[in-house]
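The values are calculated or read from the model by the stated rules, or taken from the named source; none is laboratory data. Keep in mind it's a predicted model, so treat the numbers as computed, not measured. Please note: Cβ atoms are built from the backbone with ideal geometry, for glycine as well, and neighbour counts cover all protein chains shown. The area values use the complete protein model at the heavy-atom level, side chains included, leaving out ligands, DNA and RNA. Shrake-Rupley method; radii C 1.70, N 1.55, O 1.52, S 1.80 Å.
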Amino acid sequence: MKGMRIRKMINVLFDDRQDVIEITGDNCKAVEKAIEEVIKAEELEEDFEVSVSFVTNEEIKGLNKEFRNVDSETDVLSFPMDDEFEGVVLLGDIVLSTQRIIEQANDFGHSLEREMAYLTVHSMLHLLGYDHMNGDEKTEMRSREKEIMKKLQIFK
């Protein structure tokens, strides 16, 4: 029908490989909403698929060492794919450390949901090509993060 907008499909695949916190339906909804808001903010029109894994500090440290040659824990890793399968853009993988989510939520006085959403937004921007290796890139990426988090209306 003319004038009717068909909603794009965003498929989020979850993998829970940790036992630090219980990953609830509400957690998954917050992550999905963060992913959707990034795609909306970037004005992307394609159908997308993103994988999100919840892991321990030990596992994320191993992945960080293997893929970035950095022998330390981190809060989130992004593995861009930018591939397509049957008309769906496979953006890549987001790997979240649940231990770091708890630590950072406590350190910053945020809810777990807010920290999880922020790290998802951060990682999604990496999947879409944003980076923070130099000052200008960092400024642009932080600006996008703030804008998207404001739209999510997830506060401390």
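I'd like the full set of residues that are open to solvent by 70 Å² or more (accessible area, probe 1.4 Å) and free of Cβ contacts under 8 Å to residues at least 12 places away in the same chain, limited to region 69-80.
The initial filter retains those residues of region 69-80 that are open to solvent by 70 Å² or more (accessible area, probe 1.4 Å), namely 69, 71, 73, 80.
Answer for region 69-80, where residues must be open to solvent by 70 Å² or more (accessible area, probe 1.4 Å) and free of Cβ contacts under 8 Å to residues at least 12 places away in the same chain: ASN69, ASP71.
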From the residues in region 130-156 that are in a helix (DSSP H, G or I) and touching a residue at least 40 places away in the same chain (Cβ under 8 Å), which one is nearest to ALA30 (Cα to Cα)? LEU152
Under the condition of being at pLDDT 95 or above and open to solvent by less than 50 Å² (accessible area, probe 1.4 Å), which residue from region 9-20 is farthest from VAL88 (Cα to Cα)? GLN18
Check LYS29 against each of (1) touching a residue at least 12 places away in the same chain (Cβ under 8 Å); (2) within 18 Å of the chain's Cα centre (by Cα) and name the one condition it does not meet. (1)
Specify which of the listed residues (LEU119, LEU112, LEU125) is within 16 Å of LYS33 (Cα to Cα) and open to solvent by 50 Å² or more (accessible area, probe 1.4 Å). LEU112
Those residues of region 24-40 which are surrounded by fewer than 17 Cβ atoms within 10 Å (Cβ to Cβ), assigned to a helix (DSSP H, G or I) and not charged (D, E, K, R), in sequence order: GLY25, CYS28
Restricting to region 81-109, what's the tally of residues that are surrounded by 15 or more Cβ atoms within 10 Å (Cβ to Cβ) and not hydrophobic (A, V, I, L, M, F, W, C)? 8
Pair list, Cβ under 8 Å, 6 or more apart: region 115-129 residue under 10 Å from ILE101 (Cβ atoms) and in a helix (DSSP H, G or I), other residue acidic (Asp, Glu) and open to solvent by 10 Å² or more (accessible area, probe 1.4 Å): LEU119/ASP75
Exactly one of GLU46, GLU58, GLU73, GLU66 is modelled with pLDDT under 95 and farther than 23 Å from GLN153 by Cα, and that one is GLU46
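Of the residues GLU66, GLU45, which single one is open to solvent by 80 Å² or more (accessible area, probe 1.4 Å) and in a loop (DSSP other than H, G, I, E, B)? Even if it seems obvious, please write down each step before you answer.
Numbers: GLU66 fails: in a loop (DSSP other than H, G, I, E, B).
That would be GLU45, the only listed residue that is open to solvent by 80 Å² or more (accessible area, probe 1.4 Å) and in a loop (DSSP other than H, G, I, E, B).
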Filtering region 69-97 for residues that are at positive phi and outside any strand (DSSP E or B) leaves a count of 3
